[in-house]
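Student: One structure is given below, represented as structure tokens, and several questions about it will come after.
The values are calculated or read from the model by the stated rules, or taken from the named source; none is laboratory data. Note that the structure is predicted; figures quoted are calculated from it, not measured. The area values use the complete protein model at the heavy-atom level, side chains included, leaving out ligands, DNA and RNA. Shrake-Rupley method; radii C 1.70, N 1.55, O 1.52, S 1.80 Å.
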Amino acid sequence: MKTKILSRAYLETLSTPDLISLADEYGIDIPDDLNRRFIVGELLEAAEELDRPEQDKMLTDEEHAPVHTDEEELPKTYNETVISAMLRNPAWAFVFWDIRADDLTRLNASGDFSHLSLRVSIFDQIDSSLPAESFEVQVSMDGRSQYVLLPFGKKFFRVDLIAHFSGKKEDLLAISRRISIPHGNELLTEALPGRELDISPALRLSGLSELLKNHYENHRQSFS
């Protein structure tokens, strides 16, 4: 189709049949009873779309959309000292962290630096000032993630990234937010090995007993 320079003044000089014919050239479907004012508007929009630079047009056809074949990897570090945690399930947390380059340099240059650890603190309430208990998991200097097994039946936890030194006070590098540990049905919470469960016949038909047995045999550490 030969592109015409369209303006409202030019289109207003055309008869309605000529407008419909021109719209057909632009691939615009015009109902028989459409007011010529709307036909002119449709033609001006079509002409504006054709005149727009190619890179500004919206691509809706998958065959013409750009496809990136090169794999774009995320950076290994964002150069900030931070730690975060998320629940995989009520028994396991996935912890991931990053350490600034200057913090790594400081630790490596320190003659009394010992190791890094994740300190997992357990809280009874979301706003408790002190943890009810805590434990530590040692991690390597080049590590950036770790699965942590959570104690059974607890409510909230937080993970701190700690630098340990010999003969010197530890350095708290980063603190995660406090995370709520979801609790399931009380019946299942009490489902420890060797304990007789008072469950309904319908629930027994579901295979719950076999499921709990299988879980204990394969994941008994979560019953500790």
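Student: Return the carbon/sulfur percentage of the accessible area of region 113-181, one whole number, probe 1.4 Å, all protein chains in place.
Tutor: 47 percent
Student: If I ignore ligands, DNA and RNA and count only protein heavy atoms, how much of residue 36 is accessible to a 1.4 Å probe, in Å² to the nearest 10?
Tutor: Accessible area, nearest 10 Å²: 70 Å².
Student: Same structure again: What's the extension gain from residue 125 to residue 81 if we count 0.36 nm per residue and subtract their Cα-Cα distance? Let's see the in-between values first.
Tutor: Numbers: separation 44, 0.36 × 44 = 15.84 nm, distance 2.67 nm.
Length gained between residue 125 and residue 81: 13.2 nm.
Student: Further question on the same structure: At a probe size of 1.4 Å, how large is the accessible area of residue 50, to the nearest 10 Å²?
Tutor: Accessible area of residue 50: about 80 Å².
Student: Further, regarding this structure: Give the accessible area for residue 26 in Å² (nearest 10); use a 1.4 Å probe, count only protein heavy atoms, and leave out ligands, DNA and RNA.
Tutor: Accessible area, nearest 10 Å²: 40 Å².
Student: Related question: Kindly report the accessible area of region 102-176 per residue (heavy atoms of protein chains, probe 1.4 Å, no ligands, DNA or RNA), in Å². Provide the component values of the computation, followed by the final result.
Tutor: Working: 4040 Å² over 75 residues.
With the other protein chains kept in place, region 102-176 gives 54 Å² per residue.
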